[in-house]
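Every read-out reported here was derived from the displayed coordinates using simple, explicitly stated rules and does not represent laboratory data. The structure presented is a predicted model; accordingly, all values stated were derived computationally and were not measured. Because the Cβ atoms are built from the backbone with ideal geometry, glycine has one as well, and the counts that use them run over all protein chains shown.
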Amino acid sequence: MKEIDINTIERLKKIITESSKFVIVCHKNPDGDAIGSSMGLYHYLKNENKDVSVVTPNDIPKFLLWIEDTDKIIQINANRKGAIEKFESADVIFCLDFNSISRISAIEEEFKSFKATKVLIDHHPFPEQFADLIISDTSCSSTAELVYHVLKAVDNSLEITCSLAESLYTGISTDTGGFSFNSSDPSTFYAVSDLLKSGLDKDFIHDKIYNNYSYDRMRLLGYCLEKKMQYLPEYRTAFMSISKKELEEFNFQIGDTEGFVNYPLSIKGIIFSALFIEKDNLVKASFRSKGSFPANQFSSENFNGGGHLNAAGGESRITYEETIEKFKSLLPKYKNLLLKD
Ligand code: 5GP
Ligand code: MN
């Protein structure tokens with residue numbers, strides 16, 4: 001990771017010391033890093049006796065609800081008025097784990113009018129300049145890891161409580177696929193090593209994150225792998241798609257398809273995978289790659305999205321069937337990049 005600029009740290013120190021009301025907001029469809037980094041910062045500020053609330057645009061996946069105080073999170077989709085009131089009365093708004101204001105589309109319109117000082121902490125490429133203070137490091141494994149380094153730099157006597165450590169560890173673990181990618185920098189393991197000193201139960205967290213499938217979810221995964229995967233070795237690509245009807249058949253709950261997109265990459269020779277999920281009026285797309293194939297570029301060029309080199313997302317406003325055809329028809333155009341490494 002990059003060293004954080006000393007002026008930035010001094011400014012943040014001042015902002016935190018001189019303010020009392022904080023709101024932390026993360027991106028819609030929050031994942032482990034969005035919630036983990038937000039809750040980590042929340043526990044730090046709470047410990048500093050600050051008035052702090054976490055706001056999410058929509059539902060939090062159930063597998064994260066064991067993290068302390070996630071029941072206090074305000075979801076804009078469930079309590080818009082309460083969320084807006086928090087934003088309007090805040091001195092500081094922390095924006096965590098997103099690089100574009102469109103990732104909090106639920107309050108995109110209002111965002112500019114909030115008077116609070118806005119601080120962005122994120123690890124996605126090309127951050128938009130929508131905050132007063134921007135701490136962005138694309139080389140960092142996760143926003144949670146970046147929050148750890150920021151807190152260490154801001155507070156010499158940082159007390160790493162167990163709740164703080166559990167939150168940040170969850171973000172680091174989920175954004176690195178359980179330390180299988182984006183985690184070769186020693187700084188990640190220094191952070192984890194320090195977090196472990198708090199007494200957090202790593203195996204408990206692993207169990208909560210990775211061994212928490214409902215029976216329906218496990219069956220849905222089996223069904224997708226057997227019946228819904230298309231294998232295109234000529235493009236070193238494999239992908240899956242799930243219709244609304246199929247989701248209903250498996251009693252779909254939010255978060256159930258989390259991680260499914262990674263499975264095709266376990267096939268020898270496959271370096272690009274995609275998952276398309278039919279929603280009410282759009283198709284959600286997820287992309288994963290290995291090596292140099294730019295999943296984010298593929299998504300921004302074709303699916304109005306973006307993300308990291310090897311993990312990106314986007315959406316499609318044509319029909320579910322058309323989306324799948326579109327994806328397949330795009331592959332020849334990317335053949336050189338797909339066969340490069
Ligand atoms: P996922 O496939 O898990 O939804 O998303 C993977 C990564 O892609 C996320 O961490 C995020 O960086 C990015 N991402 C997902 N959906 C979108 C989207 O609609 N727009 C943009 N710009 N990035 C997205
Ligand atoms: Mn992240």
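Just checking, does the stretch 8-19 include any residue being away from ligand 1 (no atom under 16 Å from the Cβ), basic (K, R), in contact with a strand residue (DSSP E or B) (Cβ under 9 Å, 6 or more places away or on another chain) and within 25 Å of A191 (Cα to Cα)? It would help to see each step written out before you state the result.
From the stretch 8-19, those away from ligand 1 (no atom under 16 Å from the Cβ) are 8-19; that's our starting set.
Remaining after also requiring basic (K, R): 11, 13-14.
Next cut, in contact with a strand residue (DSSP E or B) (Cβ under 9 Å, 6 or more places away or on another chain) only: 11.
Okay, now just the ones that are also within 25 Å of A191 (Cα to Cα), so 11.
Yes: the stretch 8-19 contains one or more residues that are away from ligand 1 (no atom under 16 Å from the Cβ), basic (K, R), in contact with a strand residue (DSSP E or B) (Cβ under 9 Å, 6 or more places away or on another chain) and within 25 Å of A191 (Cα to Cα).
So which residues in the stretch 262-276 are surrounded by fewer than 23 Cβ atoms within 10 Å (Cβ to Cβ) and either part of a loop (DSSP other than H, G, I, E, B) or of a type in the set (V, I, T) (or both), if there are any at all?
Answer for the stretch 262-276, where residues must be surrounded by fewer than 23 Cβ atoms within 10 Å (Cβ to Cβ) and either part of a loop (DSSP other than H, G, I, E, B) or of a type in the set (V, I, T) (or both): I267, K268, G269, I270.
Every residue in the stretch 81-97 that is within 16 Å of ligand 1 (Cβ to nearest atom) and of a type in the set (A, V, I, L, M), please. Spell out the reasoning first.
Applying the first criterion (within 16 Å of ligand 1 (Cβ to nearest atom)) to the stretch 81-97 yields 95-97.
Across the stretch 81-97, the qualifying residue is only L96.
Do we find a residue being of a type in the set (D, E), crowded, with 21+ Cβ neighbours inside 10 Å and in a helix (DSSP H, G or I) anywhere in the stretch 195-214?
Restricting attention to the stretch 195-214, the residues satisfying the condition of being of a type in the set (D, E) are 201, 203, 207.
Now drop any that are not crowded, with 21+ Cβ neighbours inside 10 Å, which leaves none.
Looking through the stretch 195-214, none of the residues is of a type in the set (D, E), crowded, with 21+ Cβ neighbours inside 10 Å and in a helix (DSSP H, G or I).
Which residue is farthest from G291 (Cα to Cα), if the candidates are limited to the stretch 306-325 and must be within 9 Å of ligand 1 (Cβ to nearest atom) and in a strand (DSSP E or B)? Steps first, please.
Here is the first cut: in the stretch 306-325, the residues within 9 Å of ligand 1 (Cβ to nearest atom) are 306-308, 311-315.
After this cut, where a residue has to be in a strand (DSSP E or B) as well, the list is 306-307, 311-315.
Details: G306: 17, G307: 15, A311: 11, A312: 14, G313: 17, G314: 20, E315: 23 Å.
Per the criteria, the residue is E315.
Considering only residues that are touching a helix residue (DSSP H, G or I) at 6+ places or on another chain (Cβ under 6 Å) and surrounded by 17 or more Cβ atoms within 10 Å (Cβ to Cβ), which ones fall in the stretch 11-24?
L12, F22, V23, I24
Taking only the stretch 150-180 into account, find how many residues are closer than 20 Å to P30 by Cβ and under 17 Å from the mean Cα position of the chain (by Cα).
Residues that pass the stated criteria total 13.
Under 6 Å between Cβ atoms, at least 6 apart or on separate chains: pull out the pairs that start in the stretch 128-148 with a residue that is under 20 Å from N7 (Cα atoms) and without any contact (Cβ under 8 Å) to a residue 40 or more places away in the chain and end on any residue that is surrounded by 19 or more Cβ atoms within 10 Å (Cβ to Cβ) and of a type in the set (G, A, S).
none
If you take the residues in the stretch 33-80 that are more than 16 Å from ligand 1 (Cβ to nearest atom) and assigned to a strand (DSSP E or B), which one is farthest from D207 (Cα to Cα)?
D51
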